[in-house]
1. Of L104, L35, L58, which has the largest mean-square fluctuation in a 10 Å C-alpha GNM of the chain?
2. In the Gaussian network model of the chain, springs joining C-alpha atoms below 10 Å, which of S48, S98, S57 carries the largest mean-square fluctuation?
3. Can you give me the distance in nm between label points at I42 and A56, each placed 7 Å from the Cα along the Cα-to-Cβ direction?
4. Which entry in [x] 7.2; [y] 13.0; [z] 12.0 is this structure's computed mean projected area of the Cα convex hull in nm²?
5. How high is the relative contact order of the chain, in percent, with contacts defined as C-alpha pairs under 8 Å that are six or more residues apart?
6. What longest range of the chain stays clear of loop-exposed chymotrypsin sites (Phe, Trp or Tyr not before Pro) (DSSP non-H/G/I/E/B, at most 13 other C-beta within 10 angstrom)?
7. Gain in length, L35 to V10, computed as 0.36 nm per residue apart minus the alpha-carbon separation, to one decimal in nm?
8. Quote the FRET efficiency, to the nearest 0.05, computed for Y76 versus A115 with a Förster distance R0 of 41 Å and r equal to the Cβ-Cβ distance.
Amino acid sequence: MLLRGLTWLVLFQLLGTAINHLFLPVLPGPIVGLLLLLGYLIMRGEVSEPLSQAAASLLRYLPLLLVPPAVGVMVYARAIAADFWAIVGALTLSLVLSVALTGLLMQRLARRHAAPEDSQ
């Protein structure tokens, strides 16, 4: 069961990497593969047991993915400190834009969800 789920995950990653190399060099291959997997799961309407089991087993190791960025922050602390205000400005601007866009999208979705109830 676990091997079947891992095979599906690897196949979608390989497909995403192939699409990345052939047609879409802007997005990383694994991201394209994840989007393809999301589309597949939306079309299917459910997550199969092998895929769910494989994802659950991989989630246990998710904290290990945070180790390389933490090491990078420690190694490049001087460079980060030199550009501290630029980084703070970029993070603040992206936070404000993300919150505003999320609020607008939430209002639209709330109106769209409320519209069918009003028409009845």
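1. For the chain, modelled as a Gaussian network with Cα springs under 10 Å, the answer is L104.
2. Maximum among the listed residues: S98.
3. 2.6 nm
4. Computed from the coordinates, mean projected area of the Cα convex hull in nm² corresponds to [z].
5. With pairs under 8 Å counted, the relative contact order is 23 percent.
6. That gives 77-120 as the longest site-free run.
7. Using 0.36 nm per residue and subtracting the Cα-Cα distance, I get 7.7 nm.
8. Efficiency for this residue pair is about 0.25.
Just so you know, all these numbers are worked out from the coordinates, no wet-lab data involved. What you see is a predicted model; the values in this text were computed from it and never measured. All Cβ positions, even for glycine, are placed from backbone atoms using ideal geometry, and neighbour counts span all protein chains on display.
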